[in-house]
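A.B. asks: One structure coming up, written as structure tokens, with questions to follow.
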Amino acid sequence: MLSLTYKNSPDSNWPLQARADGRILIFSGKLDVDRIREEKLAAVLEVTVKIVLWLLLALGCVALTVSAYNGWLNKNPLFFVNANPFNLTFYVTCLTTAYLWAKTRQEGLKEERLSLLKWGQELRSGKEAELDVLEFFNKEARRAWNRSLDVANDRKKQISAYTNILNSKTAPAASATDLFLSLLEEPDVKQAFWRLGVDLRDAKQVVKNYAVLSPNTPADELDKIPFIAFCESLKLRNKAIDPLMLLCALALSLPPEHIISSIFFNIDLTAEKLEILSQWVFDLRLLVDEIRSFRKLSRYKPEKEINRGLTSVPTYYLDKYSTDLTALAKHGALPLAWGRREDLRGLFDLLSEGRKNLLIKGQEGAGKTQLVNELAYKMVAEQVPAILEDKRLVKLEISSILGNPQKAESVFVHALQEAEHAGNIILVLEEIHELARVQASSGLNFLELLIDYLQDSSLLVLGTATLEGYGDYLQSAAGFQEIFASYELLPLSRENILLACCIRASVLEARGHCFFRYGAIEKAVELTDLYVKNISQPQKAIAVLVEASSRAKNASSKVIDENLIAKIVSEKTHIPTQTLSQDETEKLLNLEEELSRYIVGQEDAVQAVAEGLRRARSGLSSQSRPMASFLFLGPTGVGKTEIARALTKIYFQEEKYLLRLDMSEYRGPAGLDKLLGTEEGRLDSPLVRHIKTYPFCLLLLDEFEKASPEVLNIFLQILEDGRLTSGKGETLDLTHCLIIATSNAGTLQIQEGLKAHKTADQIKAGLFNGVLTQTYPPELLNRFDAIVIFNPLTPEEVEQVTWLQLEGLRQQLLGKGIKIRFTDDVVKHIATNAFDVSLGARPIRRYIQDHVESFIAKLILSKLTKRGTELTVGLEDGKLVLK
Amino acid sequence: MTNVDTKTPMNNFSLNLLTFPVWWYTIGLKQVWQRAKHEFHFGLQQTGLLIFIHHLREPLYGDYTRSGRIISLLLRLLLLMAKLALFLLRLLVIAALILGYVLILPVILMMIILQILALH
């Protein structure tokens, strides 16, 4: 941005003047009644003069008609030289018409001359010593600026009404609040606030009340505003200073404690956001101008395959397997590109250097196809280097050629020959690296065929490739570097991504009759950045916007806001992207309580899991690691696996989000291949398949210590970077995974430690110095968010577990219409008989199944129970009985 | 750059009215000349004349046979003449408009003076 240095102005018009880029900026827009009256008078006079001149023009036409009629009656073809009042009137009006035309042109020229787009060329090096910033205000900005004095007057009247002091002699000084209120009346500003989803009535009322109640505002609030607005217009490549630029200047210059800054803070409106919103408006205007100019220039581009030089040859064969991009561009049928102008210039520079074939490489979705589309538009308008003039851009559809493998090679070569022979074709080969993966019948792959052909050919090829494809196939391909010049398409900046999405949103608005809130566009970029990997921006955000607009078509509300975008991303990724709902917030806040209904005696583990999940969902945990990761240590049957199940039930709600891997199946040399899958394998491994389908999930790794060291090493990467490369080379995102690994390692030490009344930390320290570091690499242990020790269950806790298990059975029977209750001695009996120190609470489930469920099954089958029966199961002589 | 504070609406208006013939033959004429140049280039683009001359010796539609070359040359010469005629017509119109622009003010003034003299 242009830097400004201020100093006091010697002129009485405005207290400050500024120096920018070697020029002195002054401002003559003093907010006083005389100047504004004079300006309004000038405008009225200007309009009046124009009306009079137009009337004179009309009068001249009438006079000429009458004179001509008289000439026709008198058979005098030289009627216009005859002396009569009609002819005199006509010649006088000719003179006034010439003046009118000159005046209109003068105004147009002044507007062109004062275009801030010319700052780099003429304005910076102009002859005038001083530039008056007011002259760069457009009509709307001038109107809003002047109106702020009226707002100040109204404010003064209101203050007077409250205080009963009327001092009419004091001219009111307009403040920032007055300018803000005045700007809110401008359509562009109104539209910007609508895009932000802000109710202007509230903002206006707050500012009005504040302005009346706090009348003593600093006198210099507006001093710098015109100069800052000038710099903002230059920065955002706007032709003139418009109301949005004045609003930006307010946002940039006012201190944080100012009421307007507070309003901006409350509606989450930063200066950067305002700049993007403004640039959206300006760029759209520029785009409309460009489209108009394109329509004019594209008129003479031939629609068919014959060029204007009449040298080209029809391409009957090629036409079957290709798309003429220039023909589509001529009809405006290609998606509009935005933000790649510099890259297009880069391509033209490479062509000017004489490099024949070009390769555009970049990440998937970075905009390679859009750059090709933009080139097609430029070729239609003939705004291209000489080598591309009077040429067609034709995209060869490789997939349709490869559709018939037997003939693919001959079709491919024939198409290349025909394109060369035509003489006016630039051939586009998208994803050119894919050619290397297809073997031709001659033994060469298609990329080698292409390179061979292009060695001695005059054909110009424009290819695109992903960075991976380039690295894997093209960089090392013999002869490729010699015949292709590469151009790397770098990712757009965040501002440009947002702007590209905004421009596309405008196109979608025009087509789908829907309206995008700015927040929706911002949300689409933000969420796709977080949750959609492997595709670059802006393509992935635009895909969401397109989906949103098609949904809005059939919806009752045509306004697309953040919620719809979050819903779409959530549906596509199976990740809850929406803002925490009341239901979810409550669930998270009461997670310990909820988990305690299923887990007995493991408070530390329950607390660790609940806190980890709360951190993740509130956005405080690292975005580049799994949502949370825990290693549960302890003896069998104490609830390690159960906690994962309970969490799935409570938080994820559906079993499909839980992936349980028994790590004992991933031991040995084949363990790694089984976990990640192999390149040759047709099906993905369970882990890869699950992460692809449900990236938001709970990954339960049972008996973690039994996995092979190679598998454990893979988890090092997962826990650190939150990503995994499958056997087929795809990168999977695990940042939305909750990982729980369970292990029996160190059970003995835990039990001994508890017997010796050691604290959990002491036991953990002992484990770290001994068995744990022998079982797991220390760096792996350090990467878990928490290592939780599960205590062996006490007899009371075993009884509680038994209660929980019987409750499950009770609920099951309730579904069949049978109410059942168990006496306390039944619970005690089961807890005593089923509990096994070495297996923990695990046998309780089996015991209930073998004894209680079998007992009830007999009752049901012997018709002793029917719907509505109430049963009490008790104990007599160590046996279950009905009471 | 002018300072708004130094001029009143009335002198702004009268200044323009008095100085407009000066503007007409300086900035205005330059504008008309630039527009004429633009029209000239647009005419070249519209008729495709330069592209056509560039390919004059090339056969039509890639027909490099002897007969093809001969027919192409003849056809190209015919087409060239037609295109040149169209372009020259356009140039004439442009030239007439420039001449008209230069002459219109004195002609109008002369006619006004003559009319006034004759009527009195």
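A.B. asks: How about the stretch A:536-598: which helices (runs of 4 or more DSSP H) wholly inside it have at least 2 residues that are within 24 Å of A:C502 (Cβ to Cβ)?
C.D. replies: Qualifying helices (runs of 4 or more DSSP H): A:539-554, A:562-573.
A.B. asks: Which of the residues that make up the stretch A:283-302 are under 18 Å from B:F52 (Cβ atoms) and either open to solvent by 60 Å² or more (accessible area, probe 1.4 Å) or touching a strand residue (DSSP E or B) at 6+ places or on another chain (Cβ under 7 Å) (or both)? Outline the logic, then answer.
C.D. replies: Of all residues in the stretch A:283-302, those under 18 Å from B:F52 (Cβ atoms) come to A:299-302.
Residue satisfying the conditions is A:R299 alone.
A.B. asks: From the set of residues in the stretch A:556-570 that are within 16 Å of the chain's Cα centre (by Cα) and surrounded by fewer than 16 Cβ atoms within 10 Å (Cβ to Cβ), which is nearest to A:I521 (Cα to Cα)? Let's see the steps before the verdict.
C.D. replies: Going through the stretch A:556-570, the residues within 16 Å of the chain's Cα centre (by Cα) turn out to be A:560-570.
Checking which are surrounded by fewer than 16 Cβ atoms within 10 Å (Cβ to Cβ) leaves us with A:563, A:567.
Values: A:N563: 11, A:K567: 13 Å.
Here the residue is A:N563.
A.B. asks: Got a sec? Which of A:L41, A:L2 is in contact (Cβ under 8 Å) with a residue 60 or more places away in the chain and either within 10 Å of chain B (Cβ to nearest Cβ) or not in a helix (DSSP H, G or I) (or both)?
C.D. replies: Testing whether each residue is in contact (Cβ under 8 Å) with a residue 60 or more places away in the chain and either within 10 Å of chain B (Cβ to nearest Cβ) or not in a helix (DSSP H, G or I) (or both) leaves just A:L2.
A.B. asks: Let me ask another. Just checking, which of A:N782, A:N791 is part of a helix (DSSP H, G or I) and closer than 30 Å to A:I718 by Cα?
C.D. replies: From the options A:N782, A:N791, the qualifying one is A:N782.
A.B. asks: Moving on to the next point. I'm told A:Q653 meets every condition in (1) within 32 Å of the chain's Cα centre (by Cα); (2) in contact (Cβ under 8 Å) with a residue 24 or more places away in the chain except one. Can you identify the failing condition by its number?
C.D. replies: All conditions are met except number (2).
A.B. asks: Is it the case that the stretch B:6-18 has a residue that's at pLDDT 80 or above and open to solvent by 70 Å² or more (accessible area, probe 1.4 Å)?
C.D. replies: So far as the stretch B:6-18 goes, no, none of its residues is at pLDDT 80 or above and open to solvent by 70 Å² or more (accessible area, probe 1.4 Å).
A.B. asks: Does the stretch A:315-326 hold any residues that are surrounded by fewer than 20 Cβ atoms within 10 Å (Cβ to Cβ) and within 38 Å of the chain's Cα centre (by Cα), and which are they? Show your work before the answer.
C.D. replies: The initial filter retains those residues of the stretch A:315-326 that are surrounded by fewer than 20 Cβ atoms within 10 Å (Cβ to Cβ), namely A:316-317, A:319-320, A:323.
Result: A:D319, A:K320, A:T323.
A.B. asks: State all residues of the stretch B:24-71 that are under 30 Å from the mean Cα position of the chain (by Cα), closer than 30 Å to A:G423 by Cβ and among the small types (G, A, S); if no residue qualifies, say none.
C.D. replies: Matches in the stretch B:24-71: B:G43, B:G48.
A.B. asks: While we're here: Residues that are touching a residue at least 12 places away in the same chain (Cβ under 8 Å) and buried (at least 19 other Cβ atoms within 10 Å of the Cβ): find the helices (runs of 4 or more DSSP H) completely inside the stretch A:387-498 holding 2 or more of those.
C.D. replies: Per the criteria, A:398-402, A:408-422, A:446-455.
A.B. asks: Hey, another quick one. Is it the case that some residue within the stretch B:72-81 is assigned to a helix (DSSP H, G or I), over 30 Å from A:E420 (Cβ atoms), more than 13 Å from chain A (Cβ to nearest Cβ) and out of contact with any Cys (no Cβ under 8 Å at 6 or more places or on another chain)? Show your work before the answer.
C.D. replies: Just the residues of the stretch B:72-81 that are assigned to a helix (DSSP H, G or I), to begin with: B:72-81.
Now narrow it down to the ones that are over 30 Å from A:E420 (Cβ atoms): B:81.
Subsequent filtering for residues that are more than 13 Å from chain A (Cβ to nearest Cβ) retains B:81.
Imposing the further condition that a residue be out of contact with any Cys (no Cβ under 8 Å at 6 or more places or on another chain) reduces the set to B:81.
Looking through the stretch B:72-81, at least one residue is assigned to a helix (DSSP H, G or I), over 30 Å from A:E420 (Cβ atoms), more than 13 Å from chain A (Cβ to nearest Cβ) and out of contact with any Cys (no Cβ under 8 Å at 6 or more places or on another chain).
A.B. asks: Same structure again: Among (1) crowded, with 17+ Cβ neighbours inside 10 Å; (2) farther than 22 Å from A:I750 by Cβ, where does A:V798 come up short?
C.D. replies: Tallying (1) crowded, with 17+ Cβ neighbours inside 10 Å; (2) farther than 22 Å from A:I750 by Cβ, A:V798 fails exactly one: (2).
A.B. asks: A further question on this structure: Taking only the stretch A:259-312 into account, find how many residues are among the basic types (K, R) and on the phi > 0 side of the Ramachandran plot.
C.D. replies: Qualifying residue count for the region: 0.
A.B. asks: Among the residues of the stretch A:92-109 satisfying the criterion of being under 14 Å from A:L59 (Cα atoms) and within 9 Å of chain B (Cβ to nearest Cβ), which is least open to solvent (accessible area, probe 1.4 Å)?
C.D. replies: A:C94
A.B. asks: Given the criterion modelled with pLDDT under 90, over 16 Å from the mean Cα position of the chain (by Cα) and not hydroxyl-bearing (S, T, Y), identify the matching residue among A:K553, A:K533.
C.D. replies: Only one candidate passes the filter, namely A:K553.
A.B. asks: Here's a check for you: in the stretch A:337-372, which residue that is in a loop (DSSP other than H, G, I, E, B) and small (G, A, S) is surrounded by the most Cβ atoms within 10 Å (Cβ to Cβ)?
C.D. replies: A:G367
A.B. asks: Name the residue, out of B:F52, B:F87, B:F42, that is part of a helix (DSSP H, G or I), in contact with a helix residue (DSSP H, G or I) (Cβ under 8 Å, 6 or more places away or on another chain) and facing chain A (nearest Cβ under 10 Å).
C.D. replies: B:F52
A.B. asks: To continue, here is another question. Check whether at least one residue in the stretch A:307-321 is among the charged types (D, E, K, R) and away from chain B (no Cβ under 14 Å), and report yes or no.
C.D. replies: Yes, that holds for at least one residue.
A.B. asks: Still on this structure, I have one more. Let me spell it out: the conditions are (1) free of Cβ contacts under 8 Å to residues at least 12 places away in the same chain; (2) buried (at least 20 other Cβ atoms within 10 Å of the Cβ), and A:S261 meets all of them except one. Which number is the exception?
C.D. replies: The single condition A:S261 does not satisfy is (2).
A.B. asks: Going through A:I36, A:I26 one at a time, which residue ends up being touching a residue at least 40 places away in the same chain (Cβ under 8 Å), within 30 Å of A:E140 (Cα to Cα) and more than 10 Å from chain B (Cβ to nearest Cβ)?
C.D. replies: The match here is A:I36.
A.B. asks: Let me ask something else. Check B:V22 against each of (1) surrounded by 11 or more Cβ atoms within 10 Å (Cβ to Cβ); (2) without any contact (Cβ under 8 Å) to a residue 12 or more places away in the chain and name the one condition it does not meet.
C.D. replies: (1)
A.B. asks: Related question: Looking at A:L59, A:L64, A:L53, A:L88 in this structure, which one is farther than 28 Å from A:I241 by Cβ, surrounded by 15 or more Cβ atoms within 10 Å (Cβ to Cβ), more than 13 Å from every other protein chain (Cβ to nearest Cβ) and over 45 Å from the mean Cα position of the chain (by Cα)?
C.D. replies: Numbers: A:L64 fails: more than 13 Å from every other protein chain (Cβ to nearest Cβ); A:L53 fails: more than 13 Å from every other protein chain (Cβ to nearest Cβ); A:L88 fails: more than 13 Å from every other protein chain (Cβ to nearest Cβ).
After ruling out the rest, the residue left standing is A:L59.
A.B. asks: Taking the stated definitions as given, is B:Q34 surrounded by 15 or more Cβ atoms within 10 Å (Cβ to Cβ) and part of a helix (DSSP H, G or I)?
C.D. replies: It is false that B:Q34 is surrounded by 15 or more Cβ atoms within 10 Å (Cβ to Cβ) and part of a helix (DSSP H, G or I).
A.B. asks: Right, another one. Which members of the stretch A:179-202 meet the condition of being open to solvent by less than 30 Å² (accessible area, probe 1.4 Å) and of a type in the set (D, E, K, R)?
C.D. replies: A:E186, A:R195, listed by residue number.
A.B. asks: Pick out the one residue from A:K239, A:K296, A:K301 that is more than 27 Å from A:A203 (Cα to Cα) and more than 14 Å from chain B (Cβ to nearest Cβ).
C.D. replies: Testing whether each residue is more than 27 Å from A:A203 (Cα to Cα) and more than 14 Å from chain B (Cβ to nearest Cβ) leaves just A:K239.
The values are calculated or read from the model by the stated rules, or taken from the named source; none is laboratory data. All values derive from a computational prediction rather than experimental measurement. Positions of Cβ are generated from backbone atoms using ideal geometry, with glycine treated the same way; all protein chains shown enter the neighbour counts. For the accessible areas, the whole protein counts, side chains as well, though only heavy atoms, and no ligand, DNA or RNA atoms are used. Shrake-Rupley method; radii C 1.70, N 1.55, O 1.52, S 1.80 Å.
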